[in-house]
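The values are calculated or read from the model by the stated rules, or taken from the named source; none is laboratory data. Being a predicted model, the structure only gives us computed values, none of them experimental. In this analysis, Cβ positions are derived from the backbone assuming ideal geometry, glycine residues included, and neighbour counts consider all displayed protein chains.
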Amino acid sequence: MSEWAADPSYETFVLNMGPQHPATHGALRVKLRMDGEYIVEAEPVLGYIHRMHEKMGENRTYLQFMPNTGRLDYLSALSYNHGYVSAVERAAGITVPERAEYLRVITVELNRISSHLLWVGAFVLDLGGFTPLLYAMDDREQILDLLERVTGSRLTYCYFRFGGLYNDVDDDFEAGARAIVKRMRDKLPMYHNLISKNIILRQRLEGVGPITGEMCRKYGATGPVARGSGIPYDVRRHEPYSVYPELDFDIPVYEQGDSMARYLVRMDEIEQSLRIIEQGLDKMPDGPVMAEKVPKIIKPPKGDYYFAVEAARGSFGVRLVSDGTNTPYRLKLRSPCFSNVSLFGEAARGMLLADAVAMFGSLDLVIPDIDR
Amino acid sequence: MKTNAVEKALGALGSAQVAVSDHATRGFHLNVTVNPEEVVRAAEVLDAEGFFIEAVTGVDWLGEQEALAKEAAKKAAAAQKAAEAAAAETAEQGGGEEGAASPPEPADEAEAAGQGQEPAEDSFEVVYDFNHFQQLCRVTVRTRVPRSNPELPTISTVYPGADWHEREAHDFFGLIFTGHPDLSPLLLPEDADFHPLRKDYKP
């Protein structure tokens, strides 16, 4: 495009996408400088739903902050619950009973599947396919129903507590979870037939929006974005926490780095999550779901602590600075979507606008997680 | 092991103090403290070792120096008291002249530390988190800048991903990253002139 830029008659124009735009799935604005149909420069503009969760953390006790963690990435809220409780447990030196850890992992993986299902439905909807959304919503509904019975909420969960869980699951939970595993296993070939093998979708995704592994490293992109670019990085394996070391599962990695690779990573992750849930249900011991002698008021010793978990969109990290009182001194929330969207400007340069929308969708952004 | 190589490479920097920390209890492997001028060098070293950037953030340590001075004064006062008590004891027991002559010295010191001078200026801590895709090694790089002049060089030249993290830190703390391409508000409103994560911020 450089020979065009040298031409004095070369004209570009600014196109505003969002903050209210169906393809951004939330209030995110992208300022685009266009050369006809091609993007010369793309700049995401953030902050439309910034709520300053980090300041809220400094103004309330450790337990009072729990509900906030479900409101960052509201589609995989349990992973965020998990990251926060684990950070505080690490700081305060609380050990969690094994049954509670198994239940945490099982519910987090159920949540991961529901998140990926909603993503795949909305993603294909962006590209013009309406039907998969209906199937995905139907399957997701089963998971939400089950999680609602366990946690009491359908979306913004607040189920984990320091030292365990809010309550144990009921007798029907295991049967319900196994039914979901069976249902999803039966349904996955249908999804692949309907979406993955669809020639129109493939042509819109294959080779579109390539992201290299080096770019992921320079921008700190993690999760399916990095794994679609050939980087086998998953916090569950890389920096094992909870009971993940006892479970057998694979990390799906694709080398291509295009939008199709990111799509396939997530579809394969649904399969792996099903394996984790099944093994978790088999191995889960009986026993308490809450540690004994957890202090009512949590006062971690002075110092700073870090804990990362693998959320549905990448590595979610909590940096906790404690001054020994009952409120955090500083609570940094490292959200995966913030880093994943930061590479959009570089990746979108020179792309067709319609392709950029496909690539944007494949990043799987949740705006409240970016804006915090 | 990655930790050793990085420890050596970072240790070569003039101002760097590298400490190995317990990952199981703290969550990171290396705790590195550098002078603000050397953050770019530290980032370059980590970049060459293949690290990726997790986050850049700040911590406002307002009131820290005062608390430290108070603590020192308390300690000194306690030491003085103990010394006086000991002196009184020796005086009672032996009635010797040497015992009575020694106590005034620590008392002077305590006064100097406690009220004699203003506490040193408080600072912002800037924390850079790095991690590695292939090997498990989390590196935390810290530096301190004075609250009245919170300036330090940008590392967005090394890691383009640091661009937004530094803009966010500028929003929240008013840290000024010299050489940064654009420090306009990222998450806050575009006309924001306040820094909400400063401890003296009143909404």
Residues that are polar (S, T, N, Q) and modelled with pLDDT of 90 or more, drawn from region A:213-253: A:Thr222, A:Ser229
When residues of region B:156-182 are limited to those that are in contact with a Phe, Trp or Tyr (Cβ under 7 Å, 6 or more places away or on another chain) and in a loop (DSSP other than H, G, I, E, B), the one farthest from A:Asn59 (Cα to Cα): B:Pro160
Where A:Pro288 falls short, out of the listed (1) without any contact (Cβ under 8 Å) to a residue 40 or more places away in the chain; (2) more than 13 Å from chain B (Cβ to nearest Cβ): (1)
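Can you tell me how many residues in region B:183-203 are in contact with a Lys or Arg (Cβ under 7 Å, 6 or more places away or on another chain) and either of a type in the set (Lys, Arg) or over 16 Å from B:Asp60 (Cβ atoms) (or both)?
Residues in region B:183-203 being in contact with a Lys or Arg (Cβ under 7 Å, 6 or more places away or on another chain) and either of a type in the set (Lys, Arg) or over 16 Å from B:Asp60 (Cβ atoms) (or both): 2 in total.
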Residues (under 16 Å from the mean Cα position of the chain (by Cα) and without any contact (Cβ under 8 Å) to a residue 24 or more places away in the chain) located in region A:265-283: A:Asp268, A:Gln272
Residues satisfying the stated conditions in region B:145-203, i.e. surrounded by fewer than 18 Cβ atoms within 10 Å (Cβ to Cβ) and of a type in the set (Gly, Ala, Ser): B:Ser148, B:Gly179, B:Ser184, B:Ala192
Wholly within region B:21-116, helices (runs of 4 or more DSSP H) carrying at least 2 residues that are at pLDDT 85 or above and in the same structural domain as B:Pro150 (by TED's automatic domain parsing): B:39-48
Wholly enclosed helices (runs of 4 or more DSSP H) of region A:1-91 bearing at least 3 residues buried (at least 18 other Cβ atoms within 10 Å of the Cβ): A:53-58, A:66-69
Residues that are at the interface with chain B (Cβ under 8 Å from one of its Cβ atoms) and part of a loop (DSSP other than H, G, I, E, B), drawn from region A:233-243: A:Tyr233, A:Glu239
Hits in region A:269-292 - residues which are closer than 11 Å to A:Tyr102 by Cβ and in contact with a His (Cβ under 7 Å, 6 or more places away or on another chain): none
Where a residue in region A:38-64 is within 11 Å of chain B (Cβ to nearest Cβ) and farther than 23 Å from A:Leu28 by Cα and its partner, wherever it lies, is in a loop (DSSP other than H, G, I, E, B) and aromatic (Phe, Trp, Tyr), with Cβ under 8 Å and at least six apart: A:Gly57/A:Phe65; A:Glu58/A:Tyr329
Residue list for region A:291-313, filter: away from every other protein chain (no Cβ under 14 Å), over 30 Å from A:Pro252 (Cα atoms) and of a type in the set (D, E, K, R): A:Glu292, A:Lys293, A:Lys296, A:Lys299
Helices (runs of 4 or more DSSP H) wholly inside region A:266-372 that include at least 2 residues being out of contact with any Lys or Arg (no Cβ under 7 Å at 6 or more places or on another chain) and of a type in the set (Val, Ile, Thr): A:367-371
